[in-house]
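Read the structure below first, then the notes.
The values are calculated or read from the model by the stated rules, or taken from the named source; none is laboratory data. Fair warning: this is a prediction, and the values are worked out from it, not measured in the lab. Heads up, the Cβs are rebuilt from the backbone with ideal geometry, glycines too, and the neighbour counts pull from every protein chain shown. For the accessible areas, the whole protein counts, side chains as well, though only heavy atoms, and no ligand, DNA or RNA atoms are used. Shrake-Rupley method; radii C 1.70, N 1.55, O 1.52, S 1.80 Å.
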Amino acid sequence: MAWCILEKWYKVINFLTWVLMGSMCLLIGFQIINRFALHLPAPWSEEFCRYNFVWLTMVASAKATHDRQHLAVDIMPYLLERRPLLKNSVKLFAQILALFFFRRHL
């Protein structure tokens, strides 16, 4: 039951990531055309892109954490292939450290 809800929530996050990225690309293109071709900059689009980028960063970091694609140093688990208990301990420590970092900066 809970897994089904999490998968639906992941689909929402995935869709939101695409919407935020697409709208940011369209708005930046709109701003470039307005600024250089029409010589009429739209100041609201720049602010909207800033807020959009902040939200995109937060939503995409949740998506990357779910997919286990967040930035991590993979050399330690690679070196510990022969010791599965120590390898899993290092992975767990990295996850806890990432959660602590995300908690401190939200």
| request: Please go through the range 31-59 and pick out each residue that is open to solvent by 80 Å² or more (accessible area, probe 1.4 Å) and either touching a Phe, Trp or Tyr at 6+ places or on another chain (Cβ under 8 Å) or aromatic (Phe, Trp, Tyr) (or both). | output: Phe36, Trp44, Phe48, Tyr51, Phe53, Trp55
| Across the range 11-64, what is the total count of residues that are of a type in the set (Asp, Glu) and under 28 Å from Leu99 (Cα atoms)? | 0
| query | Taking the range 51-82, which residues are over 15 Å from the mean Cα position of the chain (by Cα) and either assigned to a helix (DSSP H, G or I) or modelled with pLDDT of 90 or more (or both)? | reply | Ile75, Met76, Pro77, Tyr78, Leu79
